[in-house]
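Accompanying notes for the structure given below.
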Number of protein chains: 2
Amino acid sequence: MVFNGWLFEKTETLDQAAIRVLYHLTGLHNIYMEQLIVFSEVDRDPGDRTISVPYYALINIAEHNTELIEQYSAQWFNLSELPDLIFDHNDMVLQAIKRLQYKASIQPIGFELLPAKFTMRHLQKLYEAIMREGMDKRNFTKKINALDILVKLNEKDMESSKKGSFLYKFDQEKYLEKVSNGLVFKL
Amino acid sequence: MVFNGWLFEKTETLDQAAIRVLYHLTGLHNIYMEQLIVFSEVDRDPGDRTISVPYYALINIAEHNTELIEQYSAQWFNLSELPDLIFDHNDMVLQAIKRLQYKASIQPIGFELLPAKFTMRHLQKLYEAIMREGMDKRNFTKKINALDILVKLNEKDMESSKKGSFLYKFDQEKYLEKVSNGLVFKL
DNA sequence: ACAAAAGTGTTTCCTATACACCCATGC
DNA sequence: GCATGGGTGTATAGGAAACACTTTTGT
């Protein structure tokens, strides 16, 4: 989602301001966000000297509050159909994509973007979208299972096929335990 | 080197301000610098609301201007003997180390820290210092040579041993060509 | 019966690592 | 002649990538 946020207040950190703005726009809490580097070109905003600290967030498009988005005339775009943005905002988006790809390659960041229950195929499609490349489903499944941070449920999603495909959930507890034991995830 | 820089001016970017401050302190130009993430905790500076954008730079300790450093009472520290710094500045240093390790693992960033001519051993010692781990000299040499961005000179450094060890220089042209061909360096 | 997606193992290759000896020189 | 650091090659193991067929079920 592309949106040019507001200013931050004296009583909050930049992280808090980003969280606040995103909440106003989507009604969502507890969203993964990460700060990118500061944009401070003197003439980037022809009107005023403006220094911007962009953030990117992982928002499950199915979960946001449509009304709020519309109210502020924010909009969703497909990356492949990204329009020309104002000032240097296209650079910001590019930076966000690169950062996301890096992050996703060393952390199971993708789970933030899925519903609580999801299929292997959903997860793979998501990673393929982030990495902009196709992946072999056998190798993908192997890798994910090797991480041992998913729980396979006794339920199937019947939407996508006649056979149905098993649902999984992310095991946050296991994940945190592994991280605290110093494990680094490579995907 | 730990130094708490000055403010930036209306006429410069943050990058430019960082370059300017570093120049004042060391007399050095064309130094590799990278911006870290913004520190904006409301009470990080008990006196004033202060937002800091830390940078780390790669400075060859042999090349800086000692007088200037002293004039501003900046100081060099060994990382293993880092003192308690003011406010959240220790966090900044930690962040810089992590970032440097990452960068060094995917780009031949270490060359910035060496003189124009250096030995394989120098380079290895530098990487060992950055990564805080010992490396096998055969494997190290192999890796570096595989990158094919060094030129072996017909000169030897006679300081470190009786046999002497060959000097190399960094081939910036080759390096840039490889980068522009999309090659990613893994060290 | 067939179309459509799900699920599952093995082989191959390549990269990363471990490892030990000879060389040249100054003293 | 010996002590010091410099230089070099090979064997092995582990991880990544390539690859194809069977299963289930709705129509």
Checking A:ASP45 against (1) under 17 Å from the mean Cα position of the chain (by Cα); (2) modelled with pLDDT under 90; (3) among the acidic types (Asp, Glu), only one condition comes out false. Which one? (1)
Report yes if B:PHE111 is aromatic (Phe, Trp, Tyr), within 30 Å of B:LEU36 (Cβ to Cβ) and assigned to a helix (DSSP H, G or I), otherwise no. yes
Could you look through segment B:27-47, keep only residues that are touching a residue at least 40 places away in the same chain (Cβ under 8 Å) and within 14 Å of chain A (Cβ to nearest Cβ), and pick out the one that is most open to solvent (accessible area, probe 1.4 Å)? B:GLU41
Segment B:48-59 - residue that is of a type outside the set (Ser, Thr, Tyr) and outside any loop (DSSP other than H, G, I, E, B) and, of those, nearest to the other protein chains (Cβ to nearest Cβ): B:ALA57
Would you mind stating whether A:GLN124 is within 23 Å of A:ALA57 (Cα to Cα), surrounded by 15 or more Cβ atoms within 10 Å (Cβ to Cβ), more than 12 Å from DNA strand D (Cβ to nearest atom) and not assigned by TED's automatic domain parsing to the domain that holds A:LEU183? no
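Residues are listed down the side, and each one gets a yes or a no for (1) of a type in the set (Lys, Arg); (2) outside the structural domain of B:TYR55 (by TED's automatic domain parsing); (3) at pLDDT 95 or above:
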residue	(1), (2), (3)
B:ASN90	no, no, no
B:GLU112	no, yes, no
B:ARG132	yes, yes, no
B:ARG138	yes, yes, yes
B:LYS143	yes, yes, no
B:ASP148	no, yes, no
B:MET158	no, yes, no
Does B:LYS98 satisfy the condition of being surrounded by 14 or more Cβ atoms within 10 Å (Cβ to Cβ), within 14 Å of another protein chain (Cβ to nearest Cβ) and more than 15 Å from DNA strand C (Cβ to nearest atom)? no
Which of the residues belonging to segment B:19-42 are under 20 Å from the mean Cα position of the chain (by Cα) and assigned to a loop (DSSP other than H, G, I, E, B)? B:GLY27, B:LEU28, B:HIS29, B:ASN30, B:ILE31, B:LEU36, B:ILE37, B:VAL38
Within segment B:153-186, the count of residues that are surrounded by fewer than 14 Cβ atoms within 10 Å (Cβ to Cβ) and in contact with a His (Cβ under 9 Å, 6 or more places away or on another chain) comes to 1
Taking B:LEU100, is it assigned by TED's automatic domain parsing to the domain that holds B:PRO54, closer than 21 Å to B:ILE31 by Cβ and without any contact (Cβ under 8 Å) to a residue 60 or more places away in the chain? yes
Can you confirm whether B:PHE77 is part of a helix (DSSP H, G or I), away from DNA strand C (no atom under 16 Å from the Cβ), of a type in the set (Phe, Trp, Tyr) and more than 14 Å from chain A (Cβ to nearest Cβ)? no
Inside segment A:160-184, the number of residues satisfying the requirement of being farther than 15 Å from A:GLN107 by Cβ and either assigned to a strand (DSSP E or B) or assigned by TED's automatic domain parsing to the domain that holds A:TYR102 (or both) is 5
Going through segment B:136-152 one residue at a time, which ones are surrounded by 13 or more Cβ atoms within 10 Å (Cβ to Cβ) and within 12 Å of DNA strand D (Cβ to nearest atom)? B:PHE140, B:THR141, B:LYS143, B:ILE144, B:ASN145, B:LEU150
Taking segment A:48-88 and the residues there that are within 30 Å of B:PRO54 (Cβ to Cβ) and among the hydroxyl-bearing types (Ser, Thr, Tyr), the one that is modelled with the lowest pLDDT would be A:THR50
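The values are calculated or read from the model by the stated rules, or taken from the named source; none is laboratory data. As the structure is a prediction and not an experimental result, all values here were calculated from the model. When we count neighbours, we look across all protein chains shown, and the Cβ atoms used for this are built from the backbone with ideal geometry, even at glycine. The area values use the complete protein model at the heavy-atom level, side chains included, leaving out ligands, DNA and RNA. Shrake-Rupley method; radii C 1.70, N 1.55, O 1.52, S 1.80 Å.
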